[in-house]
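Novice: The structure that follows is given in the form of structure tokens.
The values are calculated or read from the model by the stated rules, or taken from the named source; none is laboratory data. This one's a predicted model, so the numbers in the text were calculated from it and none came from an experiment. Methodologically, a virtual Cβ is constructed for each residue, glycine included, from the backbone with ideal geometry; neighbour enumeration extends over all protein chains shown. Side chains included, ligands, DNA and RNA excluded: accessible areas come from the protein's heavy atoms. Shrake-Rupley method; radii C 1.70, N 1.55, O 1.52, S 1.80 Å.
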Amino acid sequence: MRDALAGVARDLGAPGAAFVLERPRDPSHGDYATNLALQLSKQLRRNPRDIAAELVERLALPSDVVEKVEIAGPGFVNFFLADTAFSEVVWTILEARDSYGCSGVGTGRRVNVEFVSANPTGPLHVGHGRGAALGDAIASLLQATGYEVTREFYVNDSGVQIDRLARSVWARIQQRVGRAAEIPEGGYHGAYLVELADGLLEEEGRAFADLPEAEAIARCRRAAIEDQRAQQDRDLEAFGVYFDVLSEESSLYESDMIEETLVALDRCGLTYERDGARWLATSRFGDEKDRVIRKQDGTYTYLLPDLAYHRYKARRGFDRAIDVWGADHHGYVARMRAGLVGLGLPEDFFTAVIVQLVRVMRGGEEVRFSKRSGDFVTLRDLFEETGVDAARYFFLSRRGDSQFVFDVDLATKQSEENPVYYVQYAHTRMAGILRNAEVDPDTFKRGSVDLSVLREDAEQELLKSLGAYPGVVGKAAELLEPHRIVAYLDDLARLVNGWYHHHRVLGEPEPIERARLALARAAQQVLRNALTLLGISAPERM
């Protein structure tokens, strides 16, 4: 049905139109509903209800598939399927396999997803982990819906924090050779810098501590950035997160991009001088007030390099830039969007997805810090205790901009109380049925099994849920909300496990056994597709 709707949109002159086909929460609204007519009305400049009527006429869906179609509200189209239609999804799944749920909505559009982008000043904490899981899942969702996606990590290797890092390392070096030295105000106290100082002294020798301070701090800066970036990469690789591109803030300063951006803003008449500083008139584009981009001392605020960096993304051919940012950047979004619109980029070019902080609980008490980091729980601390699958699943179980409490006790339970265990176990059960039946899944071909015998209520509900998966993927991608896939998995696992407990597969009369084996294979496939989309494994044995 999704392909048929896309075909009609193409015929109407709107190829690649973004739309959702999903199961309504209210069953009275049909088995499936689409907003395609509403989406097309924006492009075609026509009344959405008129478009909906034309959609229904052009679709000409067979009565043995669709029993009734209704146009509701401003232009939603609701489909009521015939009972026999639900079983057809089994063949659709078994033929599509790993691509079931995918679509070509974003074909021809390039998207840059930048996430994590942690300062190279220390280990990744659990907040970075939540952002890593979210950014990676958003990228996967967009890929699944046809977009060409680039995953990018932006290294903040310039500025005050990096200078404090270098001076903190230098202070540790002095302390390790027996000299009195204080960590600078706002510096870094974690044990990881003691390890780095020891490594530098072992590699360079005791004479390193006697270098002129300016030279030593410059070398400490390079060594600290390299060391922390390497550790961050190792942690992210272990967490199953990879990047296509690594961009460095320092490269902006080494090139002409920042000055070019300032000149472009000047030419647009968007800057002015006041109190010895250079200001950007972001209030013209929805920001609450104008912002300083060059301070009185001639140095730049963060805003100008960030605008230059995102302008560079547009020059690289991206149609859209999606950034996953921590909660402390919430107030920064409006000024970034205003600056980019001022530079002539479309309003929908830049999107910021905000990630709230994570509280880690164990035994009913908050886990406040890691021995190694000194003041926070590291990502590695967490996933080494809970496992990567549980960490990713839990991080993705809520909207990124919602507060989140990570329950370590629940995440480590090997029982059905643990949601990721429950979902993975549903997949394992389906794999086990097929393994015990000694059935080659490839033997299930369209028409080789009579699926009309799948009449039990639990089977009909399961079939409906399997058919809803592509719509869930489409909506999650459109809204950049991977938690919708987690919610779907929770519901699908409940249906799968319920069916497993109450309806025997093996040993039933052959027509029923064969049909239920095909259903088990389809359920296994969808569970695996959804888990894989989130970067979570789908084990066949547990």
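Novice: Could you say which residue among 62, 48 is open to solvent by less than 90 Å² (accessible area, probe 1.4 Å) and under 32 Å from the mean Cα position of the chain (by Cα)? Even if it seems obvious, please write down each step before you answer.
Specialist: On the way: 62 fails: under 32 Å from the mean Cα position of the chain (by Cα).
Exactly one residue qualifies, and that residue is 48.
Novice: Now for a separate question. Name the single residue, out of those in segment 409-439 being over 32 Å from the mean Cα position of the chain (by Cα) and open to solvent by 50 Å² or more (accessible area, probe 1.4 Å), that is farthest from residue 362 (Cα to Cα). So that I can check it myself, show each step before the final result.
Specialist: Applying the first criterion (over 32 Å from the mean Cα position of the chain (by Cα)) to segment 409-439 yields 433-439.
Checking which are open to solvent by 50 Å² or more (accessible area, probe 1.4 Å) leaves us with 435-436, 438.
Details: 435: 38, 436: 39, 438: 43 Å.
It comes out as 438.
Novice: Name, by its number, the condition in (1) without any contact (Cβ under 8 Å) to a residue 40 or more places away in the chain; (2) of a type in the set (Gly, Ala, Ser); (3) within 26 Å of residue 450 (Cβ to Cβ); (4) open to solvent by less than 30 Å² (accessible area, probe 1.4 Å) that does not hold for residue 87.
Specialist: Every listed condition holds for residue 87 apart from (1).
Novice: Something else about it: Against the conditions (1) at pLDDT 95 or above; (2) under 22 Å from residue 234 (Cα atoms); (3) β-branched (Val, Ile, Thr), where does residue 377 fall short? Just the number, please.
Specialist: (1)
Novice: Further question: Filter segment 336-365 down to the residues that are under 26 Å from the mean Cα position of the chain (by Cα) and without any contact (Cβ under 8 Å) to a residue 12 or more places away in the chain, then identify the one that is least open to solvent (accessible area, probe 1.4 Å).
Specialist: It comes out as 346.
Novice: Count, please, the residues in segment 112-156 that happen to be open to solvent by less than 20 Å² (accessible area, probe 1.4 Å), assigned to a loop (DSSP other than H, G, I, E, B) and farther than 18 Å from residue 351 by Cβ.
Specialist: Summing the residues that are open to solvent by less than 20 Å² (accessible area, probe 1.4 Å), assigned to a loop (DSSP other than H, G, I, E, B) and farther than 18 Å from residue 351 by Cβ in segment 112-156 gives 6.
Novice: Also, I was wondering about something else. Name the pairs: first residue in segment 215-229 and acidic (Asp, Glu), second residue buried (at least 18 other Cβ atoms within 10 Å of the Cβ), Cβ to Cβ under 7 Å, at least 6 apart or on different chains?
Specialist: Note: pairs meeting the criteria are 227/196.
Novice: Filter segment 283-302 down to residues that are open to solvent by less than 20 Å² (accessible area, probe 1.4 Å) and at pLDDT below 95, then give me how many there are.
Specialist: So the first thing to find is which residues in segment 283-302 are open to solvent by less than 20 Å² (accessible area, probe 1.4 Å), and the list is 287, 293.
Checking which are at pLDDT below 95 leaves us with 287.
Counting residues in segment 283-302 that are open to solvent by less than 20 Å² (accessible area, probe 1.4 Å) and at pLDDT below 95 gives 1.
Novice: Which of the residues spanning segment 171-203 are assigned to a loop (DSSP other than H, G, I, E, B), among the hydrophobic types (A, V, I, L, M, F, W, C) and without any contact (Cβ under 8 Å) to a residue 24 or more places away in the chain? Give the steps one after another, and end with the answer.
Specialist: Residues of segment 171-203 assigned to a loop (DSSP other than H, G, I, E, B): 177-190.
If we keep only those that are among the hydrophobic types (A, V, I, L, M, F, W, C) too, we end up with 177, 180-181, 183.
180, 181, 183 - these are the residues of segment 171-203 that are assigned to a loop (DSSP other than H, G, I, E, B), among the hydrophobic types (A, V, I, L, M, F, W, C) and without any contact (Cβ under 8 Å) to a residue 24 or more places away in the chain.
Novice: Further question on the same structure: Which residues, taken from segment 239-259, are open to solvent by 40 Å² or more (accessible area, probe 1.4 Å), touching a Lys or Arg at 6+ places or on another chain (Cβ under 9 Å) and under 21 Å from residue 304 (Cα atoms)?
Specialist: From segment 239-259, those open to solvent by 40 Å² or more (accessible area, probe 1.4 Å) are 242-246, 248, 251, 253-256, 259; that's our starting set.
Now restrict to residues that are touching a Lys or Arg at 6+ places or on another chain (Cβ under 9 Å): 242-246.
Within segment 239-259, just 246 meets the criteria.
Novice: Here's another thing I want to ask about it. Please determine, by comparing only the residues of segment 373-408 that are outside any loop (DSSP other than H, G, I, E, B) and among the aliphatic types (A, V, I, L, M), which one is nearest to residue 127 (Cα to Cα). So that I can check it myself, show each step before the final result.
Specialist: From segment 373-408, those outside any loop (DSSP other than H, G, I, E, B) are 378-386, 388-395, 404-408; that's our starting set.
Retained after the next criterion (residues that are among the aliphatic types (A, V, I, L, M)): 379, 382, 388, 390-391, 405, 408.
Working: 379: 8, 382: 11, 388: 15, 390: 15, 391: 12, 405: 11, 408: 15 Å.
It comes out as 379.
So that you can scan it fast, the table gives a plain yes or no per residue for (1) out of contact with any Gly (no Cβ under 8 Å at 6 or more places or on another chain); (2) at pLDDT 95 or above; (3) within 30 Å of residue 216 (Cβ to Cβ):
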| residue | (1), (2), (3) |
| --- | --- |
| 131 | no, yes, no |
| 136 | no, yes, no |
| 139 | yes, yes, no |
| 153 | yes, yes, yes |
| 157 | yes, no, yes |
| 164 | no, no, yes |
| 167 | no, yes, yes |
| 171 | no, yes, yes |
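Novice: Does any residue in segment 284-298 that is under 18 Å from residue 308 (Cβ atoms) come within less than 6 Å, Cβ to Cβ, of a residue that is among the hydroxyl-bearing types (Ser, Thr, Tyr) six or more places away or on a different chain, and which pairs are these?
Specialist: Qualifying pairs under 6 Å: 291/282; 292/301; 293/301; 294/300.
Novice: Hey, can you tell me all the residues within segment 382-396 that are touching a residue at least 40 places away in the same chain (Cβ under 8 Å) and buried (at least 21 other Cβ atoms within 10 Å of the Cβ)? Steps first, answer last, please.
Specialist: Restricting attention to segment 382-396, the residues satisfying the condition of being touching a residue at least 40 places away in the same chain (Cβ under 8 Å) are 382-383, 388-389, 391-393, 395-396.
Within segment 382-396, 382, 383, 389, 391, 392, 393, 395, 396 meet the criteria.
Novice: Next question, about the same structure. Does residue 273 qualify as being farther than 19 Å from residue 345 by Cβ, open to solvent by 60 Å² or more (accessible area, probe 1.4 Å) and part of a strand (DSSP E or B)? Step through it out loud before you land on a result.
Specialist: On the way: farther than 19 Å from residue 345 by Cβ: yes; open to solvent by 60 Å² or more (accessible area, probe 1.4 Å): yes; part of a strand (DSSP E or B): yes.
The answer is yes for residue 273.
Novice: Please work out if residue 161 is without any contact (Cβ under 8 Å) to a residue 24 or more places away in the chain and in a helix (DSSP H, G or I). I'd like the intermediate steps shown before the answer.
Specialist: Working: without any contact (Cβ under 8 Å) to a residue 24 or more places away in the chain: no; in a helix (DSSP H, G or I): yes.
The answer is no for residue 161.
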